[in-house]
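Before any comments, here is the structure.
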Amino acid sequence: MALSKKSMLTTIGTLLILHSAYSCLHYRSLALAADLPDTSSPPADVVIEVFLGFVLCLVGQLLCGPFHEVRVSNGSLLGSIQKSKREIVAPAYRTRDFDLYTTRMKSLAMAKRTD
């Protein structure tokens, strides 16, 4: 089972981040044993290793596959109040969690009409 380039990039990035965490902990333990005064910031090689690992993970995930489309529907949430605004709808095969998100705008509009 051969890994693809995308999986290799993500795996190498994750390993670099884990190694930098180990290196930082090892550096701090040695610094405490040697009574060095300032161990609050990590060494420069650890920071570079974390940044490189993050970039490799990011590139590996961006190459992971096709992006999914976002369609815009013609319906409106509040009727004639928001005819100019259009609702963003996730594809049917994806999670519908985002579509359930609402704000207080509808209840505020109803409160204004009753006053």
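The values are calculated or read from the model by the stated rules, or taken from the named source; none is laboratory data. It should be emphasised that the depicted structure is a prediction, and the values quoted were computed from it without experimental measurement. Cβ atoms come from the backbone with ideal geometry, glycine included; neighbour counts cover every protein chain shown. SASA here: full protein model, heavy atoms, side chains in, ligands and nucleic acids out. Shrake-Rupley method; radii C 1.70, N 1.55, O 1.52, S 1.80 Å.
Heavy-atom accessible area for Cys64, with the other protein chains in place and a 1.4 Å probe, reaches approximately 80 Å². Hey, any idea what the orientation-averaged projected area of the convex hull of the range 1-63's Cα atoms comes to, in nm²? Averaged projected hull area, Cα only: 4.9 nm². When all protein chains stay in place and ligands, DNA and RNA are ignored, the 1.4 Å accessible-area order of Ile48, Ile17, largest first, is Ile48, Ile17. Approximating the spin labels as points 7 Å out from Cα along Cα→Cβ, the Ile12-to-Ser40 distance works out to 3.6 nm. The label point for Tyr22 and the one for Ala111, both projected 7 Å from the Cα toward the Cβ, are 5.7 nm apart.
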